[in-house]
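Only one structure is covered here, and it is reproduced in the block below.
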Amino acid sequence: MIKLDLTKVAPVVEATEMKDYAARVAAAQQSLEDGTCPGNDFLGWLHLPSSITPEFLAEVKAVAKTLREECEAVVVAGIGGSYLGAKAVIEALSNSFQWLVNDERQNPTILFAGNNIGEDYLSELTTYLRGKRFGVINISKSGTTTETALAFRLLKKQCEEQRGKETARKVIVAITDARRGAARTCADKEGYKSFVIPDNVGGRFSVLTPVGLLPIAVAGFDIDELVRGAKDMEQTAALPLEENPAAQYAVARYALYTKGKKIEILANYQPKLHFVAEWWKQLFGESEGKDKKGIYPASVDLTTDLHSMGQWIQDGERTIFETVISVETPEHTLLFPSDDENLDGLNFLAGRRVDEVNKMAELGTQLAHVDGGVPNIRIAIDRLDAYHLGQLIYFFEKACGIHCQLLGVNAFNQPGVEAYKKNMFALLGKPGYEKETEAIRERIAGEKR
Ligand code: PA5
């Protein structure tokens with residue numbers, strides 16, 4: 001089980017103070033359970049792990065098997081909650097050099113698109129796919145997201161041209177709403193295999209639906225274990241505050257926030273966790289950043305970023321706290337090499353595990369940051385495997401749900417995301433946006449004068 005260490009949030013927040021939140025946490029938990037919290041249409045994630053059946057997992061794995069057999073590359077088209085969970089898990093579980101190693105398990109290369117509007121990115125992707133046996137997983141709950149729709153238009157056409165309509169029908173899978181949106185209409189019309197994103201699960205809470213599970217299974221990873229980990233954490237995270245690490249993390253964040261710690265930096269000491277932090281940033285950022293409230297979620301990869309952001313963290317404005325994800329046991333063993341000349345003076349480390357050096361860097365950094373006035377939360381997982389990632393995913397989801405109740409915001413909407421879309425469509429002259437187009441053009445002309 002995940003181990004949470006809150007001893008280093010003191011003296012900013014003392015352990016005794018944390019206990020004072022027990023009643024508020026119980027109320028927050030209750031409001032999630034009985035659906036009386038704001039955004040209660042989107043609580044499908046709460047008992048999602050325990051509601052996943054072996055039959056459903058078998059269906060996901062069967063579709064994954066087809067894609068694995070038929071494709072050397074699979075492009076996952078999606079943005080935000082429709083890609084970050086899959087990307088996080090796949091990257092965390094993959095060989096760091098997956099692009100270069102000879103993959104004995106014959107996994108298809110998993111590529112991501114539809115998460116940007118970069119002309120070069122899309123051109124280079126379609127060029128790479130030329131002549132390749134590729135498939136597409138098109139993920140969009142609304143089915144109207146521009147970034148994803150653009151990528152899917154390009155990929156569908158290319159796949160049909162390269163592989164023929166009939167094969168394309170086998171290797172294009174849609175994951176979308178049961179009834180609404182262009183992705184649903186297209187899937188039904190073309191006869192694609194499709195999965196439904198439940199109405200009551202929002203994008204950033206959807207990694208344990210086919211949104212995350214299918215790409216992860218196609219990549220060759222164990223979705224049974226992922227779900228098992230989440231299920232175990234679902235039980236633990238339902239307990240009262242004193243036995244519930246997710247609630248304790250939520251309380252520590254909230255107590256720090258009320259004391260002026262407005263930025264949380266999620267730090268990891270394993271490069272493979274980079275996208276777990278990206279997923280986490282979306283989960284917390286989009287859930288709590290509203291009504292002019294919310295902790296700003298930032299992240300660093302350590303020790304890499306100690307050589308870039310380390311100065312700021314150690315000595316910049318004291319509005320931050322740090323949360324470290326630490327992996328107890330690495331998958332491989334590598335010893336620090338000895339060197340006859342010892343020019344770098346590091347022979348004292350010869351024969352010791354590289355991970356020991358990493359762990360001492362972690363501990364040394366934690367102590368230095370605490371001394372520098374940065375409260376520190378430590379989350380430890382035993383291994384970086386599917387089971388522990390499943391735990392971590394649900395741990396953060398539950399903590400986010402509880403924290404948003406403490407903060408008093410609706411965790412499950414994202415009204416702010418619409419502002420850029422409205423301006424973009426107005427600028428591009430989308431039909432139906434005539435008034436907005438006129439207004440924004442006038443505004444821009446006025447700013448130039
Ligand atoms: O968490 C969310 O709701 C968002 O990040 C969405 O997942 C993202 O905007 C993509 O939306 P859609 O799946 O409708 O294309």
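The values are calculated or read from the model by the stated rules, or taken from the named source; none is laboratory data. Source: prediction; values computed, not measured. Areas reflect the complete protein model, heavy atoms only, side chains present, ligands, DNA and RNA absent. Shrake-Rupley method; radii C 1.70, N 1.55, O 1.52, S 1.80 Å.
How high is the relative contact order of region 48-221? Use alpha-carbon pairs under 8 Å, at least six apart in sequence, and give a whole percent.
Details: 283 pairs, mean separation 55.9, N = 174.
RCO, region 48-221: 32 percent.
Pairs of alpha-carbon atoms within less than 8 angstrom and 6+ residues apart define the contacts here; what relative contact order does the chain have, in percent?
Reported as a whole number, the value is 22 percent.
For Gly181, which sequence-distant residues (separation of 5 or more, or a different chain) have an amide H within less than 5 Å of its own amide H, given hydrogens modelled in the peptide plane?
none
Spelling out what I want: for every residue of region 28-39, take phi, set θ = phi - 60°, compute 6.51 cos²θ - 1.76 cosθ + 1.60 (Karplus), and round to whole Hz; glycine and proline get x.
5, 4, 5, 5, 6, 5, 9, x, 9, 7, x, x
Classify region 48-221 as rounded, prolate or oblate, taking a ≥ b ≥ c as the square roots of the eigenvalues of its Cα gyration tensor: rounded when a/c is under 1.5, otherwise prolate if a/b is larger than b/c and oblate if not.
The shape class here is rounded.
Given the C-alpha centroids of region 379-449 and region 173-216, what is the distance between them in whole angstrom?
20 Å
Find the accessible area per residue for the chain; the probe is 1.4 Å, ligands and nucleic acids are left out, and the unit is Å².
47 Å²
For region 138-154, take each phi angle, set θ = phi - 60°, evaluate the Karplus expression 6.51 cos²θ - 1.76 cosθ + 1.60, and give the result in whole Hz per residue in order, putting x for glycine and proline.
Couplings: 9, 10, 7, 5, 6, x, 10, 6, 4, 4, 6, 4, 4, 4, 5, 4, 5 Hz.
Quick one: Karplus J couplings for region 422-434, per residue in order, coefficients 6.51, -1.76, 1.60, θ = phi - 60°, nearest Hz, x for Gly and Pro?
Values, residue by residue: 4, 5, 4, 5, 5, 5, 8, x, 5, x, x, 10, 3 Hz.
Return the percentage of antiparallel bridges among DSSP beta bridges fully within the chain, rounded to the nearest 5 %.
Working: 4 of 41 bridges.
Given both bridge residues lie in the chain, the antiparallel proportion sits at roughly 10 percent.
Amide H neighbours of Ser326 under 5 Å, counting only residues 5+ apart in sequence or on other chains, H built in-plane at 1.01 Å?
Answer set, sorted by chain and number: Ile379, Ala380, Ile381.
Can you give me the long-range amide H partners of Ser299? Hydrogens built in the peptide plane at 1.01 Å from N, cutoff under 5 Å, separation of 5 or more residues or another chain.
Leu266
Does region 344-389 come out rounded, prolate or oblate by the C-alpha gyration tensor, with a ≥ b ≥ c the root eigenvalues, rounded set by a/c under 1.5 and, if not, prolate when a/b is larger than b/c and oblate if not?
Numbers: a/c = 4.52, a/b = 1.12, b/c = 4.05.
Since a/c reaches 1.5 but b/c is at least a/b, the shape of region 344-389 is classed as oblate.
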